[in-house]
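**Q** The structure that follows is given in the form of structure tokens.
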Amino acid sequence: MNKSYLNTLLASAFFCLATVISAKAQDVVIPIETKDNALVLQVTPDKLLNMVYFGSKLTDKNEYGAIAKMYNFSGTIGSYNNAYTSSGTRNLLEPAIAVTHADGNKSLDLKYVNHTVTKINDDVSLLSIKLKDSVYDFEVTLNYQTYYNEDVTEQWSVITHHEKKDVVLNKYASANLCIKAGGYWLKHYHGDWAQEMQPEEEALNHGIKTIDSKLGTRADLFEPPVFMVSLNKPAGEDEGEVMYGNLEWSGNFRIDFEVDPANNLRLIAGINNFAADYVLKPGVEFTTPKFVYTLSSKGKGEASRNLQSWARNYKIVDGNGPRLTLLNNWESTYFDFNEPKLAGLLKDTKKLGVDMFLLDDGWFGNKYPRNGDHAGLGDWQVNKAKLPNDIAYLVKEAKANDVKFGIWIEPEMVNPKSELYEKHPDWVIKQPQRPELYMRNQLVLDLTNPKVQDFVFGVVDDLFTKNPELAYIKWDCNSIIFNAYSAYEKNQSNFYTDYVFALYKVLDRVRAKYPKVPLMLCSGGGGRVDYGALKYFTEYWPSDDTEPVERIFIQWENSYFYPALTSSNHVTDWGKQPIKFRVDVAMMGKLGFDIVIGKLKPDELAFCQNAVATYKQFSDEIWHGDQYRLQNPRENDVASIMYVNPAKTSAIMFNYLVSTRYHAGSSAIKLKGLNPDKMYTLSELNVFPGRRSTIAEANYSGKFLMTVGVNPDVRDGRASVLIAVKETK
Ligand code: GLA
């Protein structure tokens, strides 16, 4: 087959439905293109599938074949750029897959068989490449699902075998990329409770840098599965090449960044194989979680917008829909409430002007009432002392106040002091011969047991069945997994992985029955945020730390990866800042309140009411617009971010003082994302009653605003300033 004929065949494959291509192996070049980028795979004469390119797209597809010859991907022990590196044979670097065959042999050598391209719609295509071992009846299909306009790829593998007995997967990554650049800078995160998303950026040197989790649930408490890698030099907001990645997995993950002897970056992302050899029966398909990534040659801002558009269009629930503003009672009552108190809060919800009241922890348990975090978890019956007229009464009261009603649950967990634990001690994850270990006085239920799955689904289903008008659930997960052992699992080493599959099974059932109801993903703060979980949720809780300056930093780092409408930001009493600052900070994502409305002074209440109304006016820009980070709080006295609607006719700019130094304040800040040829009117929003704006309402061209900028006049005494940017009528 000649080269140009093959390339025509490849090109046409991108427009056909499920075209199977089994050309002569030595001829196959497989470009995976999106709007701006190409990832190129190539099959060698001995049928190894290698990755030869990841970068800007070329105009002429025929030239991809020449790329491999330009670069050196090999060293003394062979080539390092295998697209899914197997172990036990030719490869001696970190593998993507390692297995123990039914006969105990540990060798694997995967060779290309064929590939198919399925066009799912105008934007989405799926490339599946079949690889097979030549000795054992063992195969892997690599899947690359591309989102053309978003420049996003999701990659995963499907592993199966037909050996005589079970095979053990010792490592089973989702993706194995090989990237060639003149240097690599990794930005990743660490954290803990109330200090999530603390960034660190480092140059990657030879050897392996791993980010991972072994916590089981609440898995990204210490290290979340999101990262970015700059190529050639650390990328800026609007320049430089940068790749973002996230393993879509809400459990133990492992992402290896290996700079190999030939100076490639070998990136291997997947479920953590720590204590997790997976026993796979013959004929069963093991589908790894997806690894999602995007590449931008125009810096971090574009990479964020790529990922955020993809998330809204394809991943999060109702990504292009609305969100509910809310009043939560957690910090105003903790566990101490009753019907009259809640009835008052429902009235406050109405008074404030938000859409919904969210009842937090403490509404359940009778034999062991949930009056603190030491008892009652697992007993999802309404506490009769606090709520004698059941949830139904609150739903009715909410309706009478013309607001919606939502509720908190933590269905995967149990306090030992509970009826659930008394009835089902075998439903709990614990080592049978060792003392129990607790986090927040609780244990994790063994979701791998189908009866536990039914129970957890039942908690949700029961609430909606009994209260069809229930509008929202906050789903919490406060404990990690100590003493990992399942009384149900036959193979203990499958447990960590099966737990997450089981969680997704339950969430699949919830979503099959309640496809659009808003669910908040919470995990003792932000301990479980990833796109595997966000597939089922409308929003997440970034942190229990709501001190507004800290929160700017946490929200800022999350903004690189997640769209603003998914970030639940609540105004609380943390910090000493005035209410205006706290509200302005919360408005940069999904606005909520968790304060005692009755304690607000009249002008503070009026400010909050106006702010809620303003938020609703600009919610489309914040929720569905394009996000532009203007000034990073880690590099400036003033943090600044804006959201622009797709038509570029309306935008909102948020500015926050993050320094207490004497002269700290703003100078001109350049706007982004506007139409240079249009005129815009600027005006200040959220001006506190009795104060006057120092920003004169004025008109400027988009060109002026993006070249010269505007000074929001942020300084001590004006620590947060919001500016509306509207196309001049
Ligand atoms: C976790 C959550 C909080 C709150 C409490 C309730 O800590 O992060 O927002 O819901 O649980 O116990």
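Coordinate-derived values only; no laboratory data. All values derive from a computational prediction rather than experimental measurement. Please note: Cβ atoms are built from the backbone with ideal geometry, for glycine as well, and neighbour counts cover all protein chains shown.
**Q** Sequence neighbours fewer than 8 away in the same chain don't count; with that in mind, list the lysines whose C-alpha is under 21 Å from Lys341.
**A** Of all the lysines, those that pass the test against Lys341 - Cα under 21 Å, at least 8 places apart if same chain - are Lys350, Lys351, Lys384, Lys386, Lys396, Lys399, Lys404, Lys474, Lys599, Lys601.
**Q** Something else: Based only on Cα atoms, what Rg/Rh ratio does segment 304-461 have, Rh being taken as Kirkwood's radius? Display every interim value, and only then the final one.
**A** Numbers: Rg = 18.3 Å, Rh = 17.6 Å.
Reported Rg/Rh (Cα atoms, Kirkwood Rh): 1.04.
**Q** Treat the count of other C-beta atoms within 10 Å as a stand-in for reagent exposure and order Thr116, Thr85 from fewest to most. Present the calculation step by step, with values, prior to reporting the outcome.
**A** Working: Thr116 18, Thr85 27.
Ranking Thr116, Thr85 by Cβ neighbours within 10 Å, fewest first, gives Thr116, Thr85.
**Q** Here's another thing I want to ask about it. Residue farthest toward the positive end of the dipole of the chain, with Cβ of Lys/Arg at +1 and Asp/Glu at -1: which of Leu131, Trp623, Met197?
**A** In the chain, that residue is Trp623.
**Q** How big is the dipole moment of the chain about its Cα centre under a simple scheme where the beta carbon of each Lys and Arg is +1, that of each Asp and Glu is -1, and everything else is neutral? Debye, nearest 20, please.
**A** Details: 81 positive and 89 negative charges, 183 e Å.
Around 880 debye, computed over the chain.
**Q** In addition: Please go through segment 639-729 and write out the GluC sites (Glu not before Pro) that DSSP classes as loop and that have at most 16 other C-beta atoms within 10 Å. Walk me through the numbers before you get to the answer.
**A** Numbers: sites: Glu684, Glu697, Glu727; in loops: Glu697.
Passing both the DSSP loop test and the Cβ count: Glu697.
**Q** Count the net charge of all other residues whose Cβ sits under 14 Å from the Cβ of Pro369, scoring Lys and Arg as +1 and Asp and Glu as -1. Working shown, then result.
**A** Numbers: positive: Lys367, Arg370, Lys384, Lys386, Lys417; negative: Asp336, Asp361, Asp373, Asp379, Glu419.
Here the charged neighbours net out to 0.
**Q** Give the residue list of trypsin sites (Lys or Arg not before Pro) in segment 672-715 that are DSSP loop and have at most 11 other beta-carbon atoms within 10 angstrom. Can you show the working numbers first?
**A** Numbers: sites: Lys672, Lys678, Arg691, Arg692, Lys703, Arg715; in loops: Lys672, Lys678, Arg691, Arg692.
Counting only loop positions with at most 11 other Cβ atoms within 10 Å, the trypsin sites (Lys or Arg not before Pro) in segment 672-715 are Arg692.
**Q** I'd like to know how segment 479-634 sits against the 2.2 N^0.38 Å rule of thumb: what's its Cα Rg over that expected value? Present the calculation step by step, with values, prior to reporting the outcome.
**A** On the way: Rg = 18.7 Å, N = 156, 2.2 N^0.38 = 15.0 Å.
Dividing the Cα Rg of segment 479-634 by 2.2 N^0.38 Å gives 1.25.
**Q** Considering only DSSP beta bridges where both residues belong to segment 562-707, give the percentage that are antiparallel (nearest 5). Don't jump to the answer; show the numbers that get you there.
**A** Working: 16 of 20 bridges.
Taking every DSSP beta bridge within segment 562-707, about 80 percent pair in antiparallel fashion.
**Q** Here's a follow-up. Determine the dipole magnitude for segment 609-679: charges of +1 sit on the beta-carbon of Lys and Arg, -1 on that of Asp and Glu, nothing else is charged, the reference point is the Cα centre, and the result goes in debye to the nearest 20.
**A** On the way: 8 positive and 6 negative charges, 21 e Å.
Using only the charged Cβ atoms, the result is roughly 100 debye.
**Q** Could you check what % of the DSSP bridge pairs in the chain are antiparallel, to the nearest 5? Let's see the in-between values first.
**A** Working: 138 of 164 bridges.
In the chain, DSSP labels about 85 percent of beta bridges as antiparallel.
**Q** Restrict the search to segment 356-420; then list the trypsin sites (Lys or Arg not before Pro) that DSSP places in a loop and that have at most 15 other Cβ atoms within 10 Å of their Cβ.
**A** Details: sites: Lys367, Arg370, Lys384, Lys386, Lys396, Lys399, Lys404, Lys417; in loops: Lys367, Arg370, Lys384, Lys386, Lys417.
Loop-located and lightly packed - Lys367, Lys384.
**Q** Here is a further query. Hey, what did the chain get for relative contact order, percent, Cα under 8 Å, at least 6 apart?
**A** 9 percent.
**Q** Going toward the positive end of the dipole of segment 388-485, with +1 on Lys and Arg Cβ and -1 on Asp and Glu Cβ, which of Pro450, Ile481, Pro411 do you reach last?
**A** So the residue furthest toward the plus end is Ile481.
**Q** Let's see if you can work this out: charge +1 on each Lys and Arg Cβ, -1 on each Asp and Glu Cβ, no other charges. What is the dipole magnitude of segment 283-372 about its Cα centre, in debye to the nearest 20?
**A** Details: 13 positive and 10 negative charges, 70 e Å.
Value, rounded to 20: 340 debye.
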